[in-house]
Each structure stands twice: as C-alpha cells, then as structure tokens.
Amino acid sequence: MKKSASGHHYQVRFKDLQGEIHEAKVYALDAKNAQDLAIESNEELQKRPHLITAILDAE
C-alpha cells in the first residue's frame, strides 16, 4: 500500500454496548483525524466515543 502526503489508512476499533468488537476503516491524515472521522460516521460513537478501544495504522 502506497503512502500519500495527504493521509493513509487507519483501523478504528470499538465495542458496541453488547461488547462485540467492530472496526471502521478510514483514510485520514493522522490518528486523531481517523478517530474524528469514525465518530462522525457512526451514530453510536457520536453518543459514546469512549467505546473506541484502538486506532491502528493499517499500512
């Protein structure tokens, strides 16, 4: 996978209220931007951003 000056792929892992783990794959500038994008695109994370368990560089 080729890195770009404008960002790269991240995996944002989070649990739902039942404890199941999910992943959001986003293209972002950095880990904070990846977190913000995952929260923006997921209604449950908008209400409970503390459910995020990891932000991984997918490269």
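A quick yes/no check of all residues on (1) aromatic (F, W, Y); (2) modelled with pLDDT under 95; (3) open to solvent by 80 Å² or more (accessible area, probe 1.4 Å); (4) within 14 Å of G7 (Cα to Cα):
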| position | (1), (2), (3), (4) |
| --- | --- |
| G19 | no, yes, no, no |
| H22 | no, no, no, no |
| D30 | no, no, no, yes |
| Q35 | no, no, no, yes |
| I39 | no, no, no, no |
| K47 | no, no, yes, no |
| L51 | no, no, no, no |
| A54 | no, no, no, no |
| A58 | no, yes, no, yes |
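Residues that are modelled with pLDDT under 95 and either assigned to a strand (DSSP E or B) or surrounded by 15 or more Cβ atoms within 10 Å (Cβ to Cβ) (or both) within the stretch 4-17 comprise S4, G7, H8, listed in sequence order.
The values are calculated or read from the model by the stated rules, or taken from the named source; none is laboratory data. Because the structure is a prediction, the values reported are computed rather than measured. Cβ atoms come from the backbone with ideal geometry, glycine included; neighbour counts cover every protein chain shown. Heads up: the accessible areas ignore ligands, DNA and RNA and are worked out on the full protein's heavy atoms, side chains in. Shrake-Rupley method; radii C 1.70, N 1.55, O 1.52, S 1.80 Å.
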